[in-house]
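Presented below is the structure to which this report refers.
Coordinate-derived values only; no laboratory data. Because the structure is predicted, anything quoted here is derived from the model rather than measured. Cβ: placed from backbone, ideal geometry, glycine included. Neighbour counts: every protein chain shown.
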Amino acid sequence: MDNFPVVVQADASLPNYSQENTFLMRPNTDGDSPPKEKVGTDFDSRMMQRCLELARRALGRTSPNPLVGAVIVKDGEIVGEGFHPRAGEPHAEVFALKAAGVRAQGATIYVSLEPCNHYGRTPPCSEALVKAGVAKVVVGMVDPNPLVAGGGIARLRAAGIEVLVGVEQEACRQLNEGFVHRILYKRPLGILKYAMTLDGKIATTSGHSAWVTSQDSRTEVHQLRAACDAVIVGGNTVRLDNPYLTSHQVGVHNPLRVVMSRRLNLPENAHLWQTADAPTLVLTEEGANPDFQQLLFKQGVEVVELASLTPDRAMAYLYERGFCSVLWECGSTLAASAIAQGAVQKVLAFIAPKIIGGSIAPTPVGDLGFTTMTQALSLERVRWRVIGSDCLVEGYFPQTSRA
Ligand SMILES: Nc1nc(O)c(N)c(N[C@@H]2O[C@H](COP(=O)(O)O)[C@@H](O)[C@H]2O)n1
Ligand SMILES: [Zn+2]
């Protein structure tokens, strides 16, 4: 716990974009800063909002790629729409061009992320747009991917196409905050979520925690899980709460359920390995409890042994697997060490108007070793909203770039 303040290494190969990274994840409405100058017309904004709506259809399914939507407009009417369904499949622009057919010629395309300009799993969209003869491209945000990073816009302009950049930019960035964080920091965005009472307790002294918050808040958490690539808990949470960690909605994405356990001293009949609604991955250390590994294997649970099991090591591993966002739903000890190791960038605290009392009932974040208030970690870009009878407070740890 000696690496405060929370510092995450930015990618030094991204000078232009990483200089801006303090506001990349700024929420759309954050009361404490002056309104930004609006880019484009109200019609442009509406079309870009439609792009975001389309992009959200693939929520939780596109990593390591971003969520992207595209709309083609000709003579004031939508003639084609598309979204990126998952990595390896065509980009949003290609689906929209296919839907528009010849009507794309001379039309305006709205796209929530800069068109790509490189050969990845798919060919460059910039070339497809030039070939289709579109007259104008309206872009939500510049792509932070160094393989694109303004190159798509430059290519379109070089071909004589008018390009407008930054329509509904904050909303576009917000939707892809995990993707942006992944590109800039080479780690998934870590989101710590907890539910506590008004007096800061996450359970009673006997460990009873069902339920701290209202059904409305729990539904919000299910939606949050649907948007994340993975949700992590420690062995203690499995032993005490026996959670499902799914999005609880038919046809909606479920995150990979990840358990961190050094010794694999886990219950044999946990819901996580007895329900097939979502895949489960157990992260452990080399040589841990081979009998239990065998049991997990028989239940179809993936087990990965890491040399040393720490939050940062787990995040590095999940980055390598292509993840953009990871939800920490763990207990206080793991939460403290995840924060200390810079594995958490965003905090979501659900606060219920209840009081448990006492000094022994558990709190959401374990000991961080602080002795003075000046050491307390302050969140920025904080906003809050009422959910049913609860309050959700949301904020970000400052990202101090060492690049
Ligand atoms: N503009 C745009 N639209 C989409 O639908 C996209 N998926 C992207 N993604 C960008 O291209 C990279 C992935 O390329 P491949 O799918 O491997 O060809 C991704 O990292 C983004 O930079 N962009
Ligand atoms: Zn593309």
### Query
Just in segment 233-308: which GluC sites (Glu not before Pro) are loop by DSSP and have at most 10 other Cβ atoms within 10 Å?
GLU268, GLU286
### Query
Put a dot 7 Å past each Cα toward the Cβ at THR333 and LEU147; how far apart are the dots in nm?
4.2
## Note on the structure
In nm, the gap between the two label points placed 7 Å beyond Cα toward Cβ at ILE360 and ARG262 is 2.6
### Task
Net charge near TYR317: determine it from the other residues with C-beta under 13 Å of the C-beta of TYR317, scoring Lys and Arg +1 and Asp and Glu -1.
-2
### Query
Taking square-rooted eigenvalues a ≥ b ≥ c of the alpha carbon gyration tensor, is segment 240-349 rounded, prolate or oblate, where a/c under 1.5 means rounded and, failing that, a/b exceeding b/c means prolate?
oblate
### Task
With unit charges on the beta carbon (Lys/Arg positive, Asp/Glu negative), name the residue among GLY106, ASN145, GLY88 whose Cα is farthest towards the positive pole of the charge dipole of the chain.
GLY106
### Task
Find, among the trypsin sites (Lys or Arg not before Pro) in segment 120-180, those assigned to loop by DSSP (not H, G, I, E, B) with at most 10 other beta-carbon atoms within 10 angstrom.
ARG121
### Message
For segment 56-129 and segment 130-189, what is the centre-to-centre distance using only Cα atoms, to the nearest Å?
### Response
12
### Message
Mean-square fluctuation check for the chain, GNM, Cα pairs under 10 Å: which of SER112, SER261, SER389 is largest?
### Response
SER389
### Message
Taking every DSSP beta bridge with both residues inside the chain, roughly what % is antiparallel (nearest 5)?
### Response
35
### Message
Test of understanding: extend the Cα→C-beta vector of GLN249 to 7 Å, then name every residue of segment 61-90 with backbone N under 15 Å from that spot.
### Response
61
### Query
Out of residues 5 or more away from MET141 or on other chains, whose amide H comes under 5 Å of its own, with H placed 1.01 Å from N in the peptide plane?
LEU113, GLU114, GLY166
### Query
What net charge do the residues around LYS298 carry, taking every other residue with its C-beta under 12 Å from that of LYS298, with Lys and Arg at +1 and Asp and Glu at -1?
-2
### Query
GLY234's amide H: which non-local residues (gap 5+, or another chain) put their own amide H closer than 5 Å, with H modeled 1.01 Å from N in plane and none for Pro or chain starts?
MET260, GLY331
### Message
Run through segment 323-403 and list the GluC sites (Glu not before Pro) located in a DSSP loop whose Cβ has at most 12 other Cβ atoms within 10 Å.
### Response
none
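For ILE232, ILE351, what ranking results if the residue with the fewest other Cβ atoms within 10 Å of its Cβ goes first?
Values: ILE232 29, ILE351 20.
With the fewest neighbours first, ILE232, ILE351 line up as ILE351, ILE232.
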